[in-house]
Structures are given as C-alpha cells and as structure tokens.
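**Q** Got a structure for you, questions after.
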Amino acid sequence: MIGKIPTMRVTTSSIRIEASREIVWAVLTDHAYVKQWQYGSVLSTDWSVDSPIRFANDWEGNTFEQWGTVLLVDAPAQLRYSMFAPRPDLEDKPENYFTMGYTLEDAAGKTNLTITLEDPREITGEDTGDNDEENPVLATLKNLAESVAANAPGRH
C-alpha cells in the first residue's frame, strides 16, 4: 500500500487599502491592532526571525492558542511565519504547520496587500474557498488600517 502524498494547498487573498504601507504594516504587526482584526487574539512575538509567535484568544470560556515561528520580516514589505493550529486529529509536528505570508506593495499612496496561506494539512469540514470581498478578517483589517490612516497626523 502506497502512503498518501500530502498536497500543499495555497490560498491567496488580495485587497487594496487606502493607507500607506507603513500604516498597513503597523496594523499587521502591532499587538494592539492585531487584537482588533484577529478575533480578539493576543499576539506574543518580538518579530525577530526564528523567534516564537503565538496567538491566544478566549472563546466560550476556553483559551484557544496557535503557535509557530517568525520566518521573514522585511518591514514594510513582507512578513512570513509558520503556525500550528491544534485540533484533536493533528500532532504538533512540522508537517502539520501552515505558513502565513503577507506582501505589501505601494500603489500610489495606497497599499496592495496580498495574504498567502500555504497549508499541507488535510481539509476538514467544508472548504468554502475564498471570497476576498466577503472575508471578514480582511474587511476588518482594511477598515482598521484606513481608519488609522484617516486619523494620522497631517491628514485633513
């Protein structure tokens, strides 16, 4: 019997944000901002390459945590980290980690943000696919960054 060969699922979401790359970068990396667009998650990391990263949040009286390693920090252009999201059928081992990547490109004072998820894990439940326009995390991130930009010093 031949073993199952895992396939890497790559999902990409893109959105244009009416804010500078520096502001979008701050919203992606500042602990206080992350909590606002990541379902109340508390972020723990120092954003150094090879340092740990952890997201923790409380949901229905339980603490849910995900953890991994910072892989790339190139402010304000690129960010990558590995992540393990525990579930009963998954061991905490390298082949069960996914990678989150963020690419920020300047677009005449606005920012094109591309988020890439590279995921070797088996799909569980329904895989609804991506719809960037209806992605609540992406919409919240965009709204937060644009609000920060609108209230930045020097804006009219």
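**Q** Which of the numbered conditions does Q38 fail, given that it passes all the others? Conditions: (1) polar (S, T, N, Q); (2) under 23 Å from L141 (Cβ atoms); (3) open to solvent by 50 Å² or more (accessible area, probe 1.4 Å).
**A** Condition (3) is where Q38 drops out.
**Q** Take the conditions more than 17 Å from S82 (Cα to Cα) and among the basic types (K, R) and apply them to R54. Does it pass?
**A** Working: more than 17 Å from S82 (Cα to Cα): no; among the basic types (K, R): yes.
Criteria not met by R54.
**Q** While we're here: Kindly indicate whether any position in segment 8-29 is closer than 15 Å to V137 by Cβ and aromatic (F, W, Y).
**A** Just the residues of segment 8-29 that are closer than 15 Å to V137 by Cβ, to begin with: 11-15, 17, 24, 27-28.
Right, trim to aromatic (F, W, Y) and you get none.
No, segment 8-29 contains no residue that is closer than 15 Å to V137 by Cβ and aromatic (F, W, Y).
**Q** Could I ask something else about it? When only residues in segment 41-54 that are closer than 25 Å to A19 by Cα and in contact with a Ser or Thr (Cβ under 8 Å, 6 or more places away or on another chain) count, which is surrounded by the fewest Cβ atoms within 10 Å (Cβ to Cβ)?
**A** Residue satisfying both the conditions and the ranking: W47.
**Q** Which of the residues that make up segment 66-123 are over 12 Å from V24 (Cβ atoms), surrounded by fewer than 17 Cβ atoms within 10 Å (Cβ to Cβ) and of a type in the set (S, T, Y)?
**A** S82, T116
**Q** I want to confirm something. Restricting to segment 13-30 and keeping residues that are at pLDDT 95 or above and surrounded by fewer than 17 Cβ atoms within 10 Å (Cβ to Cβ), which single residue is nearest to R80 (Cα to Cα)?
**A** Residue satisfying both the conditions and the ranking: D30.
**Q** Are there strands (runs of 3 or more DSSP E) fully within segment 1-106 with at least 2 residues that are touching a residue at least 12 places away in the same chain (Cβ under 8 Å) and touching a helix residue (DSSP H, G or I) at 6+ places or on another chain (Cβ under 7 Å)? List them. Before you say what the answer is, go through the steps one by one.
**A** Working: elements: 9-17, 42-44, 52-59, 62-74, 78-83.
Here the list reads 9-17, 42-44.
The values are calculated or read from the model by the stated rules, or taken from the named source; none is laboratory data. Bear in mind the structure is a predicted one, so any value in this text is a computation, not a measurement. FYI the Cβ positions are ideal-geometry reconstructions off the backbone, even for glycines, and counts take in every protein chain you see. Quick note on the areas: whole protein, heavy atoms, side chains included, nothing else; ligands and nucleic acids left out. Shrake-Rupley method; radii C 1.70, N 1.55, O 1.52, S 1.80 Å.
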